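Beneath this line is the structure, given in structure tokens, with notes to follow.
The values are calculated or read from the model by the stated rules, or taken from the named source; none is laboratory data. Everything numeric here is computed off the predicted structure, so don't read it as measured data. All Cβ positions, glycine included, derive from the backbone under ideal geometry; neighbour counts span all protein chains shown. Side chains are part of the model used for accessible areas, which takes the heavy atoms of the whole protein and leaves out ligands, DNA and RNA. Shrake-Rupley method; radii C 1.70, N 1.55, O 1.52, S 1.80 Å.
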Amino acid sequence: MAGRAAAPGAALLLVTANVGSLFDDPENLQNNWLHEFYQVVHAHTPHFMALHCQEFGGKNYEASMAHVDKFVKELLSSDAMKEYNRARVYLDENYRSQEHFTALGSFYFLHESLKNIYQFDFQAKKYRKVTGKEIYSDTLESTPMLEKEKFPQHYFPECKWSRKGFLRTRWCIADCAFDLVNIHLFHDASNLVAWESSPSLYSGIRHKALGYVLDRIMDQRFEKVAYFVFGDFNFRLDAKSVVETLCTKATMQTVRAADSSEVVKLIFREADNDHKVLLQLEKKLFDYINQEVFHDNNGTALLEFDKELAMFRDQLQELDINFPPSYPYSEDRSRGRQYMNTRCPAWCDRVLMSPAAKELVLRAESEGELATYDHIGPDVCMGDHKPVFLAFHLAPGAVRGAATEGPRDRQTDGQTLLHRVVLGVCLGGPQPFCPSSSLPAVPTLRSLPTARHGSLAAGTAVPSASEH
């Protein structure tokens, strides 16, 4: 990646990955996962890279701490990442707090050629220049450089201990400010319940949670900027419609529990052809006879049943999907392309964006810098989720009418003036200009004590590969 030109024209790589499987079976999965991830980094050579992880640490965070530390150290000091001399890592490790724990992990890497980049301090309401490599964990609620919330328990009462929520940061590159939101929405607890209605009960729960996130990032507390929301949305295909399409001419057999009238299984058989079983449906079973329907032409014939984003069309947009459903893949290393028969395959993992952010992406495309929206490791076992990424450029001149200085308070005739500029298509209206490179850097946290022995804990600075 040597010789990369700095912004303007900065290359960005946004990746979302549900990594729970990596920590449940680290010996078999982590090396392959990292290898595929590094290949994408090498192919797109970004100046700025964001990796949003969900289920970070796996199902049992306390038991996975050693694996978590190893994974983080590898990302920050590997040869593949040696040209990224600044980083910010935010790990929600407060697993003992049912009220706050989200298991989200957000990683941000800055290439050495990228000069002027700033991160927003939500408490001070000002930008800070990014220097060094820093890791924050445990009580992220008190960290001023982000906003993190767990969804209220009543949003999903079926789950006794949900870990769903969001984590937001704000950045400024080449005078263009934008929010990056890591998100994890609620899953389908039962295939049978999801099949009962269209749209499903669970779709309504996700709609409520996503609406809450959008209200938070668009409220009046801070200036509005373009935003990218990428994570595990748990969007599912409309189950009732999918089953009706896959089993058009089938007969349905209902199996009930012996001690109650509860439906525990549905069996769909061909009306002829010896009544061959096409589909078996249980709470955690979706066993369809032909998985290739989800791979043929990347499964895009099924996109008509991917309806959950339609209700947010004015607030969230997306590039065209040309990759197969990202979940649920087999966790068997020898079956990297095969789906498990637990859920109907769906595009759970997405990179979405505000209309202003999409305009930013498309503007670079109009100038010859094509964006790439794809998944990682198509034929390799990456766990039950395939990571999904968006690679694009900030087009030179994307910011119109930019001045040469930022929102600094100036004393003029005894009055304080807040200087503003219009950032045009990037921000979609009048916004505070990002600070110039002359502003002092925020003090690093290298002197802060380690919060947990033998781990990468709150405020721990990590040496780059060259410092080893």
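Observations
- Radius, Kirkwood style, for segment 7-89 when every pair of distinct Cα atoms is counted (Å): 13.6 Å
- Efficiency of FRET between SER78 and MET311 - r from beta-carbon atoms, R0 35 angstrom, step 0.05: 0.30
- Distance from segment 331-364 to segment 95-132 (C-alpha centre basis), Å: 24 Å
- ³J(HN,Hα) computed for each position of segment 187-192 - Karplus, 6.51 cos²θ - 1.76 cosθ + 1.60, integer Hz, glycine/proline x: 8, 8, 6, 9, 4, 5
- The three principal axes of the Cα atoms in segment 119-247 give end-to-end lengths of 57, 31, 29 Å, sorted in falling order.
- Per-residue SASA entry for ASP320, accessible area with 1.4 Å probe, Å² rounded to 10: 120 Å²
- Cross-link reach list, aspartates and glutamates versus LYS276, counting only Cα pairs under 17 Å and skipping chain neighbours closer than eight places: GLU244, ASP287
- Volume per residue of the convex hull around the Cα atoms, evaluated for segment 206-336, comes out as 186 Å³.
- Gain upon complete extension [GLN220, ALA124; 0.36 nm per residue less C-alpha separation]: 33.0 nm
- Packing-based ranking, highest mean first, of 121-131, 18-28 given that Cβ atoms within 10 Å are counted: 18-28, 121-131
- Computed over segment 211-289: relative contact order in percent, which uses C-alpha pairs under 8 Å that are six or more apart: 17 percent
- Its Cα gyration tensor gives segment 287-365 an equivalent ellipsoid. The semi-axes, each the square root of 5 times an eigenvalue, are 28, 14, 11 Å from largest down.
- Entries in LYS59/LYS133; LYS59/LYS82; LYS59/LYS150; LYS73/LYS150; LYS59/LYS284 that, when Cα-Cα distance is taken, lie over 21 Å: LYS59/LYS133; LYS59/LYS82; LYS73/LYS150
- Amide H contacts under 5 Å for LYS126: ASP121, restricted to partners 5 or more places along the chain or on a different chain, H placed in the peptide plane at 1.01 Å from N.
- Label-zone membership for segment 47-68, site ASN31, 7 angstrom Cα→C-beta point, backbone N under 13 Å: none
- Taking segment 286-360 and dividing mean pair separation by its residue count, relative contact order in percent (alpha carbons under 8 Å, at least six apart): 35 percent
- Quick note on segment 72-142: its Rg to Rh ratio, both from C-alpha atoms and Rh being the Kirkwood radius, is 1.02.
- Segment HIS207-THR251, extension gain: residue separation times 0.36 nm, minus the distance between their alpha carbons: 12.6 nm
- Peptides ranked, highest mean first, by Cβ atoms within 10 Å: ranges 31-43, 65-77: 65-77, 31-43
- Residues LYS133, LYS224, sorted by accessible area with the largest first, give LYS224, LYS133 [1.4 Å probe; ligands and nucleic acids excluded].
- Rounded if a/c under 1.5, otherwise prolate or oblate - segment 1-147, Cα gyration tensor axes: oblate
- Approximate spin-label separation TYR38-LYS59, in nm, with each point projected 7 Å along Cα-to-Cβ: 3.0 nm
- Packing rank of 361-370, 281-290, 83-92, where each peptide gets the mean count of other beta carbons within 10 Å, highest leading: 83-92, 281-290, 361-370
- For segment 259-274, putting each phi into the Karplus relation 6.51 cos²θ - 1.76 cosθ + 1.60 with θ = phi - 60° gives couplings of 9, 7, 9, 5, 6, 10, 7, 10, 10, 10, 10, 5, 5, 10, 6, 6 Hz, in residue order, rounded to whole numbers and with x for Gly and Pro.
- Taking a straight Cα-Cα cut-off under 13 Å and skipping sequence neighbours fewer than 8 places away in the same chain, the aspartates and glutamates within cross-link reach of LYS125 are GLU147, GLU223, ASP409.
- Within straight-line cross-link reach of LYS126, lysines at Cα separation under 20 Å, skipping those fewer than 8 residues along the same chain: LYS115, LYS148, LYS224
- Rounded to whole numbers, the Karplus 3J(HN,Hα) couplings from phi for segment 122-129 are 6, 7, 7, 6, 8, 8, 10, 5 Hz, using 6.51 cos²θ - 1.76 cosθ + 1.60 with θ = phi - 60°, and x at Gly and Pro.
- Computed extension gain for LYS276 through ASP296, at 0.36 nm per residue and net of the alpha carbon distance, reaches 5.0 nm.
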